[in-house]
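Notes follow once the structure below has been shown.
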């Protein structure tokens with residue numbers, strides 16, 4: 001586990017913007033796997049596309065790193081993602097809390113970034129129409 005590489009990756013996320021996206025991609029292995037609740041892609045171009053779409057659909061997206069823990073084979077980056085969906089501006093900013101499991105290669109490049117966060121409460125329950133159904137299901141599962 002390359003702790004310096006993990007710190008560079010975390011810093012790149014905290015400063016991520018359309019202008020710094022190339023700097024983030026440069027830290028990644030050419031065959032990086034990126035996975036979150038909505039995407040599972042491999043490689044620089046698909047990774048770039050995921051974040052380009054984020055910038056197209058969100059106003060003021062920002063990652064704030066809350067903590068980093070280092071395991072034997074992976075690092076775990078706890079973060080907060082704040083943004084305003086462009087299609088629902090009037091609902092104001094949203095905040096999602098999550099954690100990324102990140103691995104490095106021997107040469108210090110990021111080989112995988114697997115996000116763990118609750119898409120049901122973070123996104124789906126807030127959507128018009130389907131949100132009410134998702135909230136009802138979540139309440140039923142909680143009892």
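The values are calculated or read from the model by the stated rules, or taken from the named source; none is laboratory data. Just so you know, these numbers come straight off a predicted model, no measurement behind them. Reconstructed Cβ throughout: ideal geometry from the backbone, glycine too, with neighbour counts over all protein chains shown.
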### Query
Looking only at segment 97-106, which residues are surrounded by fewer than 17 Cβ atoms within 10 Å (Cβ to Cβ) and either touching a helix residue (DSSP H, G or I) at 6+ places or on another chain (Cβ under 7 Å) or at pLDDT below 95 (or both)?
97, 106
### Message
I'd like the full set of residues that are at positive phi and at pLDDT 95 or above, limited to segment 39-66.
### Response
43
### Message
Could you go through segment 69-86 and let me know if any residue there is under 10 Å from the mean Cα position of the chain (by Cα), closer than 23 Å to residue 18 by Cβ, at pLDDT 90 or above and surrounded by fewer than 16 Cβ atoms within 10 Å (Cβ to Cβ).
### Response
yes
### Message
Looking at the structure I just gave you, is residue 66 touching a strand residue (DSSP E or B) at 6+ places or on another chain (Cβ under 8 Å) and surrounded by fewer than 15 Cβ atoms within 10 Å (Cβ to Cβ)?
### Response
yes
### Task
Spot the failing condition for residue 36; the list is (1) at pLDDT 95 or above; (2) surrounded by 15 or more Cβ atoms within 10 Å (Cβ to Cβ); (3) within 24 Å of residue 2 (Cβ to Cβ), and only one is missed.
(1)
